[in-house]
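A.B. asks: Input: one structure, supplied below.
The values are calculated or read from the model by the stated rules, or taken from the named source; none is laboratory data. The structure presented is a predicted model; accordingly, all values stated were derived computationally and were not measured. All Cβ positions, glycine included, derive from the backbone under ideal geometry; neighbour counts span all protein chains shown. Calculation scope for accessible area: heavy atoms of the full protein, side chains included, ligands and nucleic acids excluded. Shrake-Rupley method; radii C 1.70, N 1.55, O 1.52, S 1.80 Å.
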Amino acid sequence: MESSTSDWIDVTNPANGEVIARAPSSTGNDVDDAISAAESTFNSWRLVPAVDRTQVLFRLKALMEEHVEDLSAAITAENGKTLDESRGEMRRTIENVEVAIGVPSLMMGSNLENVSTGIDEYAVRQPLGVFGMVPPFNFPAMVPMWFMPYAIACGNTYIIKPSEQTPLSQARIAELAVESGFPPGVLNIVHGGRSVSEALLDDPRIAGISFVGSSSVALEVYRRGTAAGKRMQCQGGAKNYLVVMPDASMEETVDNVLGSAFGAAGQRCLAGSVVVAVGEAHEAVTNGVVEAAKSVKVGDGTRPGTEMGPVISAASRDRVTNYIEQGVEEGATLLLDGRNPDGGDSGYFVGPTIFDDVDPSMTIAREEIFGPVLSVMRAGSLDEAIETIDQVPYGNMASIFTSSGRDAREFSSRVRAGNVGVNIGVAAPMAFFHFGGMKESFYGDLHGQARDAINFFTEEKIIVERWF
Ligand code: NAD
């Protein structure tokens, strides 16, 4: 359905600042139409057997595979990440469709015969209605797929409001969904920013909303949605710490730290932001990462050989640059300065930036920067490193690099983070595990992906049955 808007949002390519598309800023009527379509389609979609509902997802998977290159190109154009990173994102996107196809098994209930003489009791899972999704800009194709395929496979209908900065890949996926045979009204797209999210949050016809974005917005959205009586799951921002022990395999550790801090220009919610070097690990890991980071090729993500693309916008570049200035002012040692990098041309580029002598009280150690800035701090022991991480308000990911099973176990058990890496720089859960987050990185209880998503998108009914 065409939008009735007269208000259009420019979509820019962050590698050169050029406007590459315009998305409609959906009007109140547009949002109302989408919700009405989803609401009326729910009545018939929920009755389609699960094995038939998943047939459209099989076709969507096949079409996504067929279009992996043009979808990856769309991600790179709207977001800036390198083509290889976009292809990686597409793999994770498709993987979620694959897992959701297991719904006939995943959605099964349970039963017990003879709970009392001649009485059986069983539980069935049923869809709830219309669900909505508000994603961030950084994984524009993948994040909505942590939710949508599961919601739809369970028999709900769906509305996605892509990030206004990166709406292209999601619009393309919606076209493929139509081609896959999604009945009209099952999947709906509205575009825009905050006011469109709020229209979804306030509408009583929507049963629940999944949000992924920064923590302050996650909390606001969580409060607004729960106040309106909705099921909510809100994934927030991150400040991920990587602990490097003296017995770590240094070459692999340096590689992992580099990929974690500077992959996707540091714009991952699982990006390593602070290295806590324990004891003698400091010199080896710091020198190794600085040397490797110096040769990272920054530039347009479509160019062969580019290893790091731009950040999303001029505002984002300025924000990251301000953090670098603040780090210097607060007394950290700037080992590598990514401001105005070579190859930056006319886009929104910041090169790999590394600070040493960072203190846990400094702004760059506490706040999410969401750009290619890595801080290094020292700790005398694993205990001290864990205590430092305990003070951080976020709890998305924490990793340890060590060859000691004992230390790895101690760390995994004690650290309060939803995703824990052991000798892994980006501990991203596969789609058959849920995507966790603790502290201010998550508001809610059921997460995206896997069985948690099935539970979020269904309600369980208990039936107690006797026949005379
Ligand atoms: P953001 O919070 O600015 O925006 C996210 C979405 O919320 C967008 O679609 C935006 O239009 C909408 N929005 C903005 N303000 C709103 C408001 N007041 N009410 C309702 N909706 C509103 O985030 P971003 O800059 O697009 O993305 C980056 C953030 O996302 C980072 O903090 C990153 O850590 C986080 N993130 C988290 C995860 C995770 O799994 N925890 C994954 C990816 C990204």
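A.B. asks: Please find the FRET efficiency linking N340 to K294, where r is the Cβ-Cβ separation and R0 is fixed at 25 Å, and quote it to the nearest 0.05.
C.D. replies: According to the calculation, E is roughly 0.95.
A.B. asks: Within straight cross-link reach of K461, meaning Cα distance under 16 Å, which aspartates and glutamates are found once same-chain residues fewer than 8 apart are removed?
C.D. replies: Cross-link targets: D120, E121.
A.B. asks: Return one whole number: the accessible area per residue of the chain in Å², for a 1.4 Å probe. Present the calculation step by step, with values, prior to reporting the outcome.
C.D. replies: Working: 18950 Å² over 468 residues.
Computed with neighbouring chains in place, this is 40 Å² per residue.
A.B. asks: While we're looking at this one, here's another question. Report the calculated FRET efficiency for F433 and R194 (r = Cβ-Cβ distance, R0 = 25 Å), to the nearest 0.05. Don't skip to the answer; put the middle values down first.
C.D. replies: Numbers: r = 31 Å, r/R0 = 1.25.
Step by step, r from the Cβ atoms, then E = 0.20.
A.B. asks: Can you work out the FRET efficiency for the pair I119 and N423, with r the C-beta to C-beta distance and R0 = 51 Å, to the nearest 0.05?
C.D. replies: The computed FRET efficiency comes out at 0.45.
A.B. asks: Nearest 20 debye, what's the magnitude of the dipole of the chain about its Cα centre given +1 on Lys and Arg Cβ and -1 on Asp and Glu Cβ?
C.D. replies: Rounded to the nearest 20 debye, it is 1020 debye.
A.B. asks: I've got another one for you. Roughly speaking, to the nearest percent, how much of the chain's 1.4 Å accessible area is carbon and sulfur?
C.D. replies: Answer for the chain: carbon and sulfur cover 49 percent of the accessible area.
A.B. asks: A further question on this structure: Using only Cα atoms, locate the centre of region 44-100 and the centre of region 359-434, then give the distance between them in Å, rounded to an integer.
C.D. replies: With region 44-100 and region 359-434 each reduced to a Cα centre, they are spaced 31 Å.
A.B. asks: Taking the Cα atoms only, what angle lies between the long axis of helix 168-180 and the longest principal axis of the chain, rounded to 10 degrees?
C.D. replies: Tilt of helix 168-180: around 30 degrees.
A.B. asks: I've got another one for you. Each residue of region 435-440 in turn: what ³J(HN,Hα) in whole Hz from Karplus with 6.51, -1.76, 1.60 and θ = phi - 60°, glycine and Pro shown as x?
C.D. replies: Calculated HN-Hα couplings, in order: 9, x, x, 10, 6, 7 Hz.
A.B. asks: Is it possible to state the helix-based mean residue ellipticity at 222 nm for the chain, with each DSSP H run of 4+ residues giving -39500 (n - 2.57), the sum divided by total residues, to the nearest 500 deg cm²/dmol? What is it?
C.D. replies: Values: 16 runs with 183 residues, N = 468.
About -12000 deg cm²/dmol.
A.B. asks: Continuing with this model, one more query. Working only with C-alpha atoms, what are the Rg and Dmax values of region 354-468, expressed in angstrom?
C.D. replies: Calculated on Cα positions, Rg and Dmax stand at 19.0, 77 Å.
A.B. asks: Given H placed 1.01 Å from N in the peptide plane, which residues other than close sequence neighbours of N423 have an amide H under 5 Å from its amide H?
C.D. replies: The answer is I400, F401, T402.
A.B. asks: Check which residues have an amide H placed less than 5 Å from G395's amide H, if you skip close sequence neighbours.
C.D. replies: It is K239, M438, E440, S441, by chain and number.
A.B. asks: If you don't mind, there's one more thing I want to ask. Using only the Cα atoms of region 1-105, what are the Rg and Dmax in Å?
C.D. replies: Over region 1-105's Cα set, Rg and Dmax evaluate to 17.6, 48 Å.
A.B. asks: If you stretched the chain out fully between M108 and F58, how much longer would it get, using 0.36 nm times the residue separation minus the C-alpha to C-alpha distance?
C.D. replies: Once the chain is fully extended between M108 and F58, it gains 16.0 nm.
A.B. asks: Evaluate the distance, in nm, between pseudo-label points positioned 7 Å from the Cα of W467 and of R416 along their respective Cα→Cβ axes.
C.D. replies: It works out to 5.3 nm between the two label points.
A.B. asks: So what are the ³J(HN,Hα) numbers for region 93-98, from phi and the Karplus equation (6.51, -1.76, 1.60; θ = phi - 60°), rounded to whole Hz, Gly and Pro as x?
C.D. replies: Along region 93-98, the couplings run 5, 5, 4, 5, 5, 4 Hz.
A.B. asks: Which ³J(HN,Hα) values in Hz, rounded to whole numbers, follow from the phi angles of region 360-366 under the Karplus curve 6.51 cos²θ - 1.76 cosθ + 1.60, where θ = phi - 60° and Gly and Pro get x?
C.D. replies: x, 7, 6, 4, 5, 8, 9
A.B. asks: Another question, then. With the crude spin-label approximation of a point 7 Å out along Cα→Cβ, what separation in nm comes out for E387 versus W8?
C.D. replies: Label at E387, label at W8, 5.9 nm between them.
A.B. asks: Using a 10 Å cut-off on Cβ atoms, rank the peptides 28-38, 260-270 from the highest mean neighbour count down.
C.D. replies: Values: 28-38: 18.9, 260-270: 25.5.
Those peptides, ordered most packed to least, come out 260-270, 28-38.
A.B. asks: Listed highest first by mean packing, meaning other Cβ atoms within 10 Å per residue, what order do 41-50, 10-19 come in?
C.D. replies: 10-19, 41-50
A.B. asks: Please compute the length gained on full extension between R319 and D255, using 0.36 nm multiplied by the number of residues separating them and subtracting their Cα-Cα distance.
C.D. replies: Stretched out fully, the R319 to D255 stretch lengthens by 20.4 nm.
A.B. asks: Here's another thing I want to ask about it. To one decimal place, what orientation-averaged projected area in nm² is obtained for the convex hull of the Cα set of the chain?
C.D. replies: The orientation-averaged projected area of the Cα hull of the chain comes to 23.8 nm².
A.B. asks: Please sort 145-156, 354-365, 163-174 by packing, taking for each peptide the average over its residues of neighbouring beta carbons within 10 angstrom, highest first.
C.D. replies: Highest-to-lowest ranking by the protection proxy: 145-156, 163-174, 354-365.
A.B. asks: Calculate how many DSSP beta bridges within the chain are antiparallel, expressed in % of all such bridges and rounded to the nearest 5. If you can, show how the numbers build up before the last one.
C.D. replies: Working: 27 of 66 bridges.
Beta bridges within the chain, antiparallel portion: roughly 40 percent.
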